[in-house]
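Notes follow once the structure below has been shown.
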Amino acid sequence: MAFAFRGLELHGRRMWERRRIEDALAFITSHELTALVLHEPDLLPQVTFPSAHFDPYALWMGAPTRRGENALQNNRVYLDHVLHLAARAGVPVWIEIKELTFPDELLERYPHLLKNGRVCPSEPVWFEFLEAQFQELVEEFPGLAGVILSAGSPEGRAARSQGKCACALCRETDLEAWYARIIASARRPLARAGLRLAVRDFAYTPSDHEPLIRAVDRAPSDVVFCMKVTPHDFYPTFPDNPAIGRLAREQWIEYDVYGQFYGWGVFPVFVRDDLARRLRHAEASAVTGALFRTEWERVNDWWCLETPNRANLIAAARLAAGRDAPSAVVCRAWLAEAGWPSDDATAALVGTLWDRTWRIVRAGIYLRDFVFHDSSMFPRSLWRAWWTMETKHSLASWDPARAGDLRLTAPVVGAVLAEKDAALGEIAGVRAAAAGGPAGLDPALRAWLEARFALCERYLLGFRLIAEVCLYARWARQPGADRMPRDRAPAFRRSLDALERYGDALRPLATDAAYPHQVVMLLDYRRVRDIAREGWAACAEFEAAT
């Protein structure tokens with residue numbers, strides 16, 4: 001069955017480039033998608049004053065009413081232009097935002113919003129201000145189809161889920177009621193103008209998730225419930241989002257085909273099988289819409305339409321339209337669109353190689369399915385790696401049965417490192433298969449494939465070495481009978497020596513113009529250096545204590 005809503009989501013600077021908008025519209029129309037979604041968390045302050053609070057015609061009194069007022073006018077004209085481009089292509093446009101966001105001038109206008117240096121998200125003026133923003137939005141951009149709103153994410157500029165403000169009003173304001181007021185303030189002007197509202201379930205913890213689900217359940221029936229396929233964020237190792245199928249209203253799901261959590265498309269990582277399973281689960285849960293994220297706002301000049309992960313978007317479009325997506329068929333389309341030969345033999349080879357990639361990268365950069373990496377990059381530091389797995393991106397928060405999986409023992413450490421070694425062995429095999437492909441394989445494509453898989457192999461080696469250091473450092477501090485034995489100290493030192501050598505070998509990448517900066521970010525010697533420094537300190541502490 002085809003999903004009725006099938007959106008391509010831009011979530012970064014591409015939405016501000018007309019040529020990329022045209023590329024996205026071309027993909028949408030040629031691959032049977034039905035909508036363009038422009039995701040900019042703080043878009044409303046960039047295209048509305050709003051005039052109910054800031055006079056756009058006011059004379060300057062030392063400073064403009066709104067800083068960057070000409071940029072704001074530019075953004076308005078640009079967004080209106082994009083809406084006309086999309087209308088000519090027959091593609092509805094939605095915008096996606098996070099709340100609360102606001103211009104700095106609002107704090108000057110309403111100084112009581114600052115309490116003890118914190119922005120209070122519970123003051124009543126917020127809801128009136130939000131409604132004024134949406135009213136101006138629908139007046140200025142009648143061509144919009146609707147708005148997708150996140151109110152539960154701590155990534156908003158001010159949100160209850162941040163827990164920053166501890167004033168009496170915040171303590172007395174029920175979280176579910178706060179969410180409900182945000183939803184109502186956005187919906188009223190949209191509904192009056194005939195536009196739809198979808199509310200995302202994006203929340204970091206179950207304690208923030210449940211009140212948001214209840215608030216959406218209280219909303220009028222025309223409000224769509226929009227959910228990531230996995231709870232919290234797009235981690236392919238996490239269970240299905242428990243919100244899917246919960247509410248008796250129109251539901252959409254979101255999937256990241258860009259690869260924020262599986263390598264960004266710097267090398268191929270084909271997630272077709274996971275996509276297919278998640279979409280089947282959504283369909284069985286009465287979901288009728290799906291949108292696919294093609295970029296990540298934290299990395300500029302990079303989206304999946306120009307990387308091997310375009311194949312993920314092709315597969316997503318086919319599956320969401322109710323069509324099969326065999327690897328060879330998807331890869332034939334990707335090869336043709338990328339300008340490579342797309343004959344049956346080439347498509348079959350590439351499909352066979354692509355099919356192995358997610359399993360390899362999963363074993364290489366996750367740790368027992370926990371999010372060991374930092375949005376695909378090496379961990380920022382040794383101890384942040386553990387904080388990421390146990391707190392920020394905790395798998396156990398959403399699957400309590402996994403709570404004890406990070407308790408280290410000799411068999412656990414051995415199994416983790418064996419899994420990393422197996423991933424390295426398998427990516428070496430993929431690289432060899434690419435190099436030794438059919439004699440008729442285009443030489444340039446053969447070289448490209450081999451280079452991409454060689455880069456992936458180098459990347460996974462870094463995670464193997466970092467994992468060993470992080471495991472030893474944590475094991476050395478683990479209290480009780482399961483603490484690392486004293487005779488492991490030499491192995492700890494050898495792992496640190498190997499990690500330092502690896503980091504030194506990465507340094508030339510930072511100044512090599514042959515590589516884009518995204519490769520440097522994924523293979524950043526600075527992160528390796530920092531982890532090695534912390535590891536040596538942990539090793540010295542362990543040796544002194546034992």
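The values are calculated or read from the model by the stated rules, or taken from the named source; none is laboratory data. Since the model is a prediction, treat every value here as computed from it, not as a measurement. Positions of Cβ are backbone-derived with ideal geometry, glycine not excepted, and every protein chain shown enters the neighbour counts.
Some notes on this structure:
- Residue check for Tyr459: at pLDDT 95 or above, in the same structural domain as Leu382 (by TED's automatic domain parsing), over 28 Å from the mean Cα position of the chain (by Cα) and in a helix (DSSP H, G or I): no
- Residue list for the range 286-314, restricted to those being aliphatic (A, V, I, L, M) and crowded, with 17+ Cβ neighbours inside 10 Å: Val287, Ala290, Leu291, Val299, Leu305, Ala311, Leu313, Ile314
- Unmet requirement for Tyr204, which otherwise passes all of (1) closer than 16 Å to Lys98 by Cβ; (2) outside any helix (DSSP H, G or I); (3) at pLDDT 95 or above: (3)
- Search result, residues across the range 257-305 that are without any contact (Cβ under 8 Å) to a residue 40 or more places away in the chain and under 20 Å from Val37 (Cβ atoms): none
- Matching residues in the range 315-346 - criterion: being crowded, with 24+ Cβ neighbours inside 10 Å and either within 22 Å of Ala451 (Cβ to Cβ) or out of contact with any Lys or Arg (no Cβ under 9 Å at 6 or more places or on another chain) (or both): Val330, Cys331, Trp334
- Entry remark, the range 422-455: residues being farther than 15 Å from Thr357 by Cα and among the charged types (D, E, K, R) number 2 in total.
- Considering the range 399-413, the residues that are of a type in the set (A, V, I, L, M), in a loop (DSSP other than H, G, I, E, B) and within 17 Å of Cys470 (Cβ to Cβ) include one that is nearest to the chain's Cα centre (by Cα), namely Leu406.
- When restricted to residues that are buried (at least 18 other Cβ atoms within 10 Å of the Cβ) and more than 30 Å from Ile360 (Cα to Cα), the range 216-245 contains 6.
- When we screen Glu123, Glu139 for residues that are at pLDDT 95 or above and part of a helix (DSSP H, G or I), the only hit is Glu139.
- Checking Ala86 against (1) farther than 28 Å from Phe127 by Cβ; (2) under 23 Å from the mean Cα position of the chain (by Cα); (3) crowded, with 21+ Cβ neighbours inside 10 Å, the condition it does not meet: (2)
- In the range 359-382, of all residues being among the aromatic types (Phe, Trp, Tyr) and touching a helix residue (DSSP H, G or I) at 6+ places or on another chain (Cβ under 7 Å), the one that is farthest from Gly404 (Cα to Cα) corresponds to Phe378.
Yes/no per residue for (1) among the β-branched types (Val, Ile, Thr); (2) in a helix (DSSP H, G or I); (3) in contact (Cβ under 8 Å) with a residue 60 or more places away in the chain:
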residue: Phe3; (1), (2), (3): no, no, yes
residue: Glu9; (1), (2), (3): no, no, yes
residue: Arg20; (1), (2), (3): no, yes, yes
residue: Ile28; (1), (2), (3): yes, yes, yes
residue: Leu33; (1), (2), (3): no, no, yes
residue: Val37; (1), (2), (3): yes, no, yes
residue: Phe54; (1), (2), (3): no, no, no
residue: Met61; (1), (2), (3): no, no, no
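- Residue within the range 471-492 that is under 15 Å from Arg527 (Cα atoms), among the aliphatic types (A, V, I, L, M) and either in contact with a Lys or Arg (Cβ under 9 Å, 6 or more places away or on another chain) or in the same structural domain as Leu417 (by TED's automatic domain parsing) (or both) present: no
- Identity of the residue in the range 44-83, polar (S, T, N, Q) and in contact with an Asp or Glu (Cβ under 6 Å, 6 or more places away or on another chain), that ends up surrounded by the most Cβ atoms within 10 Å (Cβ to Cβ): Thr48
Okay, residues lined up against (1) closer than 30 Å to Ala35 by Cβ; (2) not in a loop (DSSP other than H, G, I, E, B):
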{"position": "Pro154", "(1), (2)": "yes, no"}
{"position": "Cys170", "(1), (2)": "no, yes"}
{"position": "Glu176", "(1), (2)": "yes, yes"}
{"position": "Ala184", "(1), (2)": "yes, yes"}
{"position": "Pro189", "(1), (2)": "yes, yes"}
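- Residue match in the range 368-381 (condition: closer than 22 Å to Gly259 by Cα, in a helix (DSSP H, G or I) and not polar (S, T, N, Q)): no
- Spans of helices (runs of 4 or more DSSP H) in the range 475-546 with at least 1 residues farther than 27 Å from Phe267 by Cβ: 489-506, 525-545
- In the range 248-275, the residues that are buried (at least 19 other Cβ atoms within 10 Å of the Cβ) and closer than 30 Å to Ser221 by Cβ: Glu250, Gln251, Trp252, Ile253, Glu254, Tyr255, Asp256, Leu275
Residues are listed down the side, and each one gets a yes or a no for (1) of a type in the set (D, E, K, R); (2) closer than 30 Å to Ala514 by Cβ:
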position	(1), (2)
Phe261	no, yes
Asp273	yes, no
Asp301	yes, yes
Arg310	yes, yes
